[in-house]
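The values are calculated or read from the model by the stated rules, or taken from the named source; none is laboratory data. For clarity, every value in this text was computed on a predicted model and none was experimentally measured. Cβ sites come from the backbone with ideal geometry, for glycine too, and all protein chains shown count toward neighbours. For the accessible areas, the whole protein counts, side chains as well, though only heavy atoms, and no ligand, DNA or RNA atoms are used. Shrake-Rupley method; radii C 1.70, N 1.55, O 1.52, S 1.80 Å.
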Amino acid sequence: MDSKKKNKFFKNNFEFLRLICAIQVMLNHSGSEFIYKYFFFIDHFPGLPIFFFISGYLVFASYDKTQNIKSFYLNRVLRLYPALILATILGFFLVLQIYSNYKVFHYSEAIKWFFYQLSLGQNYNPDNIDQKINWVTWTLTIEILFYILVPVFFLNKKYTKFLVYSFLIISLIYWCLLSKINNSLIYYINLTPLKVGWMFMIGSLFYLNFDIIYKYKNYLFYSIIIIFLIILYNQNNLLFKSYTGGHDLGFIYFLFLMMFVFWFAYSIKIKIFNINFDLSYGIYLYHSLVINFLWIFFGKSSLFLIIILTLILSIFSWFLIERKFLKLKINNLKRVY
């Protein structure tokens with residue numbers, strides 16, 4: 001990455017966008033009638049697909065900068081696992097609390113859940129517990145597998161774009177034709193980048209074509225017109241689906257939404273958007289634990305408590321855990337304050 005491109009690349013609002021996305025996911029999961037009544041539109045702008053796009057964009061940039069597998073994987077571990085370990089410990093106590101009300105205490109299931117959370121089985125939940133302990137961590141399995149794949153795309157830089165386009169097409173074919181099949185094999189394949197890999201790949205292509213897209217970024221603002229037209233069209237199909245409680249957006253809607261995300265990241269020059277902390281991962285990771293905590297100990301939850309407790313955990317996690325480990329990253333793309 002040359003110095004001119006590097007200067008343009010770093011002046012963005014991606015931290016702010018990730019924060020907004022994490023808040024959207026938290027509000028969506030809160031189950032609050034207030035949100036459903038007055039903020040129903042947030043499901044047209046779901047945080048998870050934007051997370052996948054930004055991840056594809058920034059993680060490709062990270063590897064392109066280092067071109068060193070060892071430091072790349074070390075940096076990914078330093079970003080992902082310190083907070084995940086804390087979340088897993090907190091979740092483990094919730095598992096123990098649930099089992100304390102059972103006649104039989106399933107120690108093996110509790111321990112299995114703990115180690116799956118820290119490996120590649122984040123979607124696993126103890127068989128005899130109805131409620132999902134930390135239901136958002138299934139996406140971490142996909143993220144980790146995506147991190148493992150990234151260096152493959154750079155084995156020969158002449159073929160990087162070809163490989164990205166190839167995986168994009170394969171992922172789209174799988175998503176359209178196979179991902180909805182109801183059997184155990186498809187269930188596990190859906191927990192790999194194969195189903196949502198096209199979202200990562202579009203982010204990667206935005207990075208690989210940065211100079212061209214950045215040059216015409218001002219025109220990307222008009223993607224908001226197409227976005228609202230698709231919302232008004234209100235169709236539920238593979239091309240134009242705009243409303244989702246999860247991540248299954250239509251391809252065309254996703255593409256125009258990411259155009260707007262890129263425009264926002266590089267065109268809005270308001271100082272408040274230029275934040276030097278990152279609570280997004282903490283909010284995303286801890287909010288479902290907070291929701292479960294409130295239900296397990298009080299039999300109910302409230303939007304106010306979900307927001308306050310999640311923010312407290314996220315602030316603690318960032319300043320006392322995540323930031324300390326991020327300072328250990330090698331050739332970090334951005335300075336950690």
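Could you give me D for segment 266-336, from Stokes-Einstein at 4 °C and 1.567 mPa s, where the hydrodynamic radius is the Kirkwood radius over C-alpha pairs? Units µm² s⁻¹, please.
Numbers: Rh = 14.0 Å.
For the chosen part, D equals 92 µm²/s.
With a 1.4 Å probe and all protein chains left in place, how much accessible area per residue does the chain have, in Å²? Walk me through the numbers on the way to the answer.
On the way: 16740 Å² over 337 residues.
Per-residue accessible area for the chain comes out at 50 Å².
Per DSSP H run of at least 4 residues, take -39500 (n - 2.57); add these up for the chain, divide by its residues and hand me the 222 nm value, nearest 500 deg cm²/dmol. Spell out each step's value before the answer.
On the way: 16 runs with 221 residues, N = 337.
Counting only the DSSP helices, I get -21000 deg cm²/dmol.
Counting pairs of alpha carbon atoms under 8 Å apart in space and at least six apart in sequence, what relative contact order in percent does segment 184-337 give?
Details: 106 pairs, mean separation 24.3, N = 154.
The normalised contact order for segment 184-337 reaches 16 percent.
If you place +1 on the Cβ of every Lys and Arg and -1 on the Cβ of every Asp and Glu, how big does the dipole about the Cα centre of the chain come out, in debye to the nearest 20?
Numbers: 31 positive and 13 negative charges, 273 e Å.
Dipole magnitude for the chain comes out near 1320 debye.
Find which of V290, F264, F240 sits farthest along the positive direction of the dipole of segment 236-334, computed with +1 on the beta-carbon of Lys and Arg, -1 on that of Asp and Glu, about the Cα centre.
Going by the Cα projections, it comes out as F264.
Would you mind computing the Rg to Rh ratio of segment 93-220 from its alpha-carbon coordinates, Kirkwood style for Rh?
Numbers: Rg = 19.6 Å, Rh = 17.3 Å.
Rg/Rh: 1.13.
Of the listed values [x] 34, 23, 20; [y] 37, 26, 17; [z] 32, 23, 22, identify the label whose number matches semi-axes √(5λ) of the Cα gyration tensor in Å calculated from this model.
Working out semi-axes √(5λ) of the Cα gyration tensor in Å from the coordinates points to [z].
With charges set only on the Cβ (+1 for Lys and Arg, -1 for Asp and Glu), what does the dipole of segment 46-133 come to about its Cα centre, in debye to the nearest 20?
Details: 7 positive and 4 negative charges, 51 e Å.
Using Cβ point charges on Lys, Arg, Asp and Glu, segment 46-133 gives about 240 debye.
Which of T141, I212, N128 sits closest to the plus end of the dipole of the chain, meaning its Cα is farthest towards the positive end, when Lys and Arg get +1 and Asp and Glu get -1 on the C-beta?
I212
Could you work out what % of the accessible surface of segment 1-98 is carbon and sulfur, using a 1.4 angstrom probe and leaving DNA, RNA and ligands out of the count? Please report the intermediate quantities before stating the final value.
Numbers: 2710 of 4110 Å².
Result for segment 1-98: 66 percent of the exposed heavy-atom area is carbon or sulfur.
Please give the FRET efficiency for N209 paired with I275, using the beta carbon to beta carbon distance and R0 = 30 Å, rounded to the nearest 0.05.
About 0.65, to the nearest 0.05.
For the chain, find the longest principal axis of its Cα atoms and tell me its angle to the long axis of helix 223-233, 0 to 90°, nearest 10.
Helix 223-233 and the main axis of the chain meet at about 50 degrees.
Taking 22 Å as R0, compute the FRET efficiency from the Cβ-Cβ separation of S166 and Y219 and round it to 0.05.
My answer for the efficiency is 0.20.
Leaving out ligands, DNA and RNA, and with a 1.4 Å probe, what % of the accessible surface on segment 178-307 is carbon or sulfur?
Working: 4460 of 6440 Å².
Roughly 69 percent of what the probe reaches on segment 178-307 is carbon or sulfur.
Let me spell out the model: positive unit charges on the Cβ of Lys and Arg, negative unit charges on the Cβ of Asp and Glu, origin at the Cα centre of segment 1-88. What dipole size does that give, in debye rounded to 20?
Details: 11 positive and 5 negative charges, 109 e Å.
My answer is approximately 520 debye.
Put Y216, Y57 in order of accessible area, largest first, 1.4 Å probe: what do you get? Display every interim value, and only then the final one.
Details: Y216 115, Y57 0 Å².
Order by accessible area, largest first: Y216, Y57.
Please report the relative contact order for segment 11-134, taking Cα pairs under 8 Å with a sequence separation of at least 6, and give it as a percent rounded to a whole number. Walk me through the numbers on the way to the answer.
Numbers: 57 pairs, mean separation 20.7, N = 124.
Relative contact order comes out at 17 percent.
What is segment 208-273's relative contact order, in percent, from Cα pairs under 8 angstrom and six or more apart in sequence? Before the final figure, lay out each step's value.
On the way: 65 pairs, mean separation 22.3, N = 66.
In percent, rounded to a whole number, it is 34.
Straight-line reach only, C-alpha to C-alpha below 13 angstrom: list the aspartates and glutamates that K157 could link to, leaving out same-chain residues fewer than 8 apart.
D64
Provide the solvent-accessible area of L320, counting protein heavy atoms only and rolling a 1.4 Å probe, rounded to the nearest 10 Å².
100 Å²
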